[in-house]
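Peer 1: Take this structure first; my questions come after.
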Amino acid sequence: MSEENVSKNFIEMIIDEDLSEGKYEEIHTRFPPEPNGYLHIGHAKAILVNYGLAKEYGGKFNLRFDDTNPTKEKSEFVESIKEDVAWLGADWEDRLFFASSYFDQMYEAAVKLIKKGKAFVCDLTADEIREYRGTFDTPGKNSPYRDRSVEENLELFENMKNGLYADGEKVLRAKIDMASPNINMRDPVIYRVAHMSHHNTGDKWCIYPMYDFAHPIEDAIENVTHSCCTLEFEDHRPLYDWVVKELEYPHPPKQIEFAKMYLTNVVTGKRYIKKLVEDGTVDGWDDPRLVSIAALRRRGFTPESIKKFVDLCGVSKAQSSADYAMLEYCIREDLKLSRPRVMAILDPIKLIIDNYPEGQTEYFDVPNNLENESLGSRKVPFSRELYIERDDFMAEPIKKYFRLFPGNEVRLMNAYFVTCTSYETDANGNVTVHATYDPETRQDGREVDRKVKGTIHWVSAETAFTATVRLYENLIDEEKGVYNEDGSLNLNPNSRTVLEGCMLEPSLADAKAYESFQFVRNGFFCVDYKDSKEGAPVFNRVVSLKSSFKLPQ
């Protein structure tokens, strides 16, 4: 095997073989979501795999809504999915399709199967169909309606279309093999009666195709060459191939299955998320504690970080789980060189520099990112009264505590050395720290002739603005696992902490929705698009600065 093939995943190797054998001239893929909820991190893998293959081979990529089930579908979900796919960078160009646009062709395809003697109208109830189907160990038995004539089936199917029957009264089934070892091939239902309005076709139809029948037809109509889907459809592939073969499409698509993406200790099930939303546990499908694509975007994840995560997980047929810490690693790697590092005090106490001139403000030229000079610098104001983090002062220091305490000297980041001289506490427990500064230690890119062990960040009290900052942990209590014995979720009571009265440097006052920053020593934070107002951004913590995750060697 060549080195080129060693580095390719199994889907790429199948495509290479198909191209070399002349089966296809151009690669054409698609992402076919059902618009019945918001997309999550697992869908991101499906999007990026399908789009990535089209891009790699200079082919085409379609976005197609598999809207064959009007009971759960909403236009709201259609719009959210379009936004998610575009945000991830998957460009469908002018190829936005709906399965419902093909309902006429699907109806004609069903008629064609009836005429070929390959489909029949069945009067059995859903429970009876299940009973007749048999089990993995026992073959099924034929429906008593299986041998209806072509003429009778055509008439009954047209009557189904014309609304003469109630929901569930009749179905159209493919006529394949009730003894097949694959239960999906035991005369599956391909059309059912459903008197429901459709978000796209209104009341035109009262019969709707089943997914397993509709999907291969959609792929064939759109000239899809490789229909890449997840492993749960592997047992459905014989039916996919049967539909394509019996309908005699000239360029049949090929279904290929790969392993789903499983993320540890997260909630992806639509039923659970819907309940969390309805109960008010989360504030919508895009709550930053969820792993819907909308939630990850709101939290501050980038398309590049999710693509890196998908790449690290790889594409294979082996089921596996990825640790959420790996997703956090990917966003840290993406943000650490590309975002400005700014000062924000999340739990502020006052620091007064007693020997600094009252009323004076000076500005320090501070680099935005020491590891990326291209981000430039900004002017940060400094004054007599500052805010520092509560944790950066201890009246009685513990062992190896190198920050502020009476008699100790520290470096104020990008500014001066200061020595703590005293402190006072008011009746409400609010601490004010007093210090003196050494004007000879101003940080102007020059070395200071003495060293200190502690460096702390600060903001000027005179120019700081007050902001709300939200800290997030996993929605799930990781020690107990995702589910309780009764099937309910094991929720972490500390999954969201809201900090009011945080003091931020003035450069952040005009930050816009989705902008992200590194708050030095605190983590990466993103401006919340939903709750921020002009001049009053609310910040969500994307991820902390430290991680125990190590990239596999």
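Peer 1: Projecting each Cα onto the charge dipole of segment 344-457 (Lys/Arg +1, Asp/Glu -1 at the beta carbon, about the Cα centre), which of G359, V448, L346 comes out farthest on the positive side?
Peer 2: V448
Peer 1: Mind jotting down a quarter of the surface of the convex hull over the alpha carbons of segment 1-73, in square nanometres, one decimal? All intermediate terms of the calculation are to be shown ahead of the outcome.
Peer 2: Working: hull surface 24.3 nm².
In nm², the orientation-averaged hull projection of segment 1-73 is 6.1.
Peer 1: Rg and Dmax of segment 344-457, Cα atoms, in Å?
Peer 2: 14.6, 48
Peer 1: If you compute Cα Rg over 2.2 N^0.38 Å for the structure shown, which of (1) 1.43; (2) 1.27; (3) 1.87 do you land on?
Peer 2: Looking at Cα Rg over 2.2 N^0.38 Å for this model, the match is (2).
Peer 1: Quick check on the exposure proxy: order S101, S321, S20, S80 from fewest to most C-beta atoms within 10 angstrom. Don't jump to the answer; show the numbers that get you there.
Peer 2: Details: S101 15, S321 12, S20 8, S80 20.
Fewest-to-most Cβ neighbours within 10 Å comes out as S20, S321, S101, S80.
Peer 1: Using +1 at the Cβ of each Lys and Arg and -1 at the Cβ of each Asp and Glu in the chain, identify which of C526, F417, F405 lies farthest towards the dipole's positive end.
Peer 2: F405
Peer 1: Further, regarding this structure: Specify the angular offset, from 0 to 90 degrees and rounded to the nearest 10, of the alpha carbon long axis of helix 150-161 from the longest principal axis of the alpha carbons in the chain.
Peer 2: Computed tilt is about 40 degrees.
Peer 1: Now for a different question. Out of the GluC sites (Glu not before Pro) in segment 366-424, which ones are loop residues according to DSSP with at most 11 other C-beta atoms within 10 Å? Spell out each step's value before the answer.
Peer 2: Values: sites: E371, E373, E385, E389, E409, E424; in loops: E371.
Of the GluC sites (Glu not before Pro), the ones in loops of segment 366-424 whose Cβ has at most 11 other Cβ atoms within 10 Å are E371.
Peer 1: Anything over 28 Å Cα to Cα? Flag those among K336/K379; K175/K254; K45/K170; K60/K308; K72/K204, in the order listed.
Peer 2: Details: K336/K379 21 Å; K175/K254 22 Å; K45/K170 38 Å; K60/K308 22 Å; K72/K204 18 Å.
In this structure, K45/K170 lie more than 28 Å apart at Cα.
Peer 1: Still on this structure: Please work out the FRET efficiency for the pair E440 and T264, using the Cβ-Cβ distance as r and a Förster radius of 51 Å; give the result to the nearest 0.05.
Peer 2: Numbers: r = 53 Å, r/R0 = 1.04.
Here the calculated transfer efficiency is 0.45.
Peer 1: Could you tell me the distance between the Cα centroids of segment 200-247 and segment 480-553, to the nearest Å?
Peer 2: When both Cα centres are located, 41 Å separates them.
Peer 1: So for the pair V452, S377, with labels modelled 7 Å out along Cα→Cβ, what separation do we get in nm?
Peer 2: Label-label distance for V452 and S377, simple model: 2.0 nm.
Peer 1: Okay, moving on. Can you pull the one-decimal nm distance between simple spin-label points at D510 and E462, each 7 Å off the Cα toward Cβ?
Peer 2: Result for the modelled spin labels: 2.1 nm.
Peer 1: Per residue of segment 170-182, what does 6.51 cos²θ - 1.76 cosθ + 1.60 with θ = phi - 60° give for ³J(HN,Hα)? Whole Hz please, x for Gly and Pro, Karplus curve as stated.
Peer 2: 9, 9, 9, 10, 6, 9, 10, 6, 6, 9, 4, x, 8
Peer 1: Treat the count of other C-beta atoms within 10 Å as a stand-in for reagent exposure and order C526, C313 from fewest to most. If you can, show how the numbers build up before the last one.
Peer 2: On the way: C526 28, C313 18.
Lowest count first: C313, C526.
Peer 1: Given the alpha-carbon gyration tensor of segment 200-272, what are the semi-axes of its equivalent ellipsoid in whole angstrom, ordered largest first, with each equal to the square root of 5 times an eigenvalue?
Peer 2: Working: eigenvalues 135, 81, 22 Å².
Equivalent ellipsoid of segment 200-272: 26, 20, 10 Å, largest first.
Peer 1: While we're on this one: Helix 237-246 against the longest principal axis of the chain: what's the angle in degrees, Cα atoms only, rounded to the nearest 10?
Peer 2: Taking Cα atoms only, the helix is inclined about 50 degrees.
Peer 1: Here's a follow-up. Once you have all Cα-Cα distances for segment 103-208, histogram them in 5 Å bins from zero and send the whole-percent values.
Peer 2: Going from the shortest bin to the longest, the percentages are 2, 13, 23, 23, 18, 12, 6, 2, 0.
Peer 1: Okay, moving on. Once amide H atoms are built 1.01 Å from N in the peptide plane, which residues 5 or more positions from D67, or in another chain, come under 5 Å H to H?
Peer 2: Counting only residues 5 or more places away or on other chains, the set is A99, S100.
Peer 1: Taking 35 Å as R0, compute the FRET efficiency from the Cβ-Cβ separation of N490 and E131 and round it to 0.05. Mind dumping the intermediate values first?
Peer 2: Values: r = 38 Å, r/R0 = 1.08.
Efficiency at R0 = 35 Å is approximately 0.40.
Peer 1: Roughly what angle does helix 211-221 make with the longest principal axis of the chain, taking Cα atoms, 0 to 90 degrees, to the nearest 10?
Peer 2: 90 degrees
Peer 1: Neighbouring Cβ atoms within 10 Å as the yardstick, rank R30, R133 fewest first.
Peer 2: On the way: R30 26, R133 18.
Least crowded to most crowded, the residues run R133, R30.
Peer 1: In a shell of Cβ-Cβ distance under 11 Å around P144, excluding P144 itself, what net charge do Lys and Arg (+1) and Asp and Glu (-1) give?
Peer 2: 0
Peer 1: Taking the Cα centre of the chain as the origin and placing charges on Cβ (Lys, Arg +1; Asp, Glu -1), which of G89, V171, L375 is farthest toward the positive end of the dipole?
Peer 2: Of the options given, the answer is L375.
Peer 1: What is the local net charge at R64, summed over the other residues whose Cβ is closer than 11 Å to its Cβ (Lys, Arg +1; Asp, Glu -1)?
Peer 2: Working: positive: R30, R95; negative: E34, D66, D67, E218, D219, E222.
Within the 11 Å Cβ shell, the charges total -4.
Peer 1: Another one. About the Cα centre of the chain, what is the dipole size in debye to 20, counting +1 per Lys and Arg Cβ and -1 per Asp and Glu Cβ, all else neutral?
Peer 2: Here the chain has a charge dipole of around 540 debye.
Peer 1: Kindly work out what percent of the DSSP beta bridges joining two residues of the chain are antiparallel, to the nearest 5.
Peer 2: On the way: 57 of 83 bridges.
The answer is about 70 percent antiparallel.
Peer 1: Which residues' amide hydrogens lie under 5 Å from the amide hydrogen of A344, considering only partners 5 or more residues apart or on another chain, with H built in the peptide plane?
Peer 2: V520
Peer 1: Taking the Cα centre as origin and putting +1 on Lys and Arg beta-carbons and -1 on Asp and Glu beta-carbons, what dipole magnitude results for segment 270-335, to the nearest 20 debye? Show your work: numbers first, answer last.
Peer 2: Working: 12 positive and 11 negative charges, 55 e Å.
The dipole of segment 270-335 has a size of about 260 debye.
Peer 1: About its Cα centre, how strong a charge dipole does segment 344-457 have in debye, to the nearest 20, once Lys and Arg get +1 and Asp and Glu get -1 at the Cβ?
Peer 2: Numbers: 14 positive and 20 negative charges, 59 e Å.
The dipole magnitude comes to about 280 debye.
Peer 1: Excluding A126 itself, calculate the net charge of residues whose Cβ lies under 15 Å from the Cβ of A126, where each Lys or Arg counts +1 and each Asp or Glu counts -1. Display every interim value, and only then the final one.
Peer 2: Working: positive: R130, R133, K170, R173, R186, R192; negative: D123, D127, E128, E131, D167, E169, D187.
Value of the local net charge: -1.
Peer 1: I'd like to compare 176-187, 105-116, 39-50: which one has the highest average count of other Cβ atoms within 10 Å, and what's the full order after that?
Peer 2: On the way: 176-187: 16.5, 105-116: 18.2, 39-50: 23.1.
So the order, starting with the most tightly packed, is 39-50, 105-116, 176-187.
Peer 1: Counting only Cα, what are the radius of gyration and maximum Cα-Cα distance Dmax of segment 435-553, in Å?
Peer 2: Reported Rg and Dmax, both Å: 19.6, 66.
Bear in mind that the values in this text are calculations on the coordinates, not laboratory data. These numbers were taken from a predicted model, which means no experiment stands behind them. With ideal geometry, Cβ positions are generated from the backbone for all residues, glycine too; neighbour counts draw on all protein chains shown.
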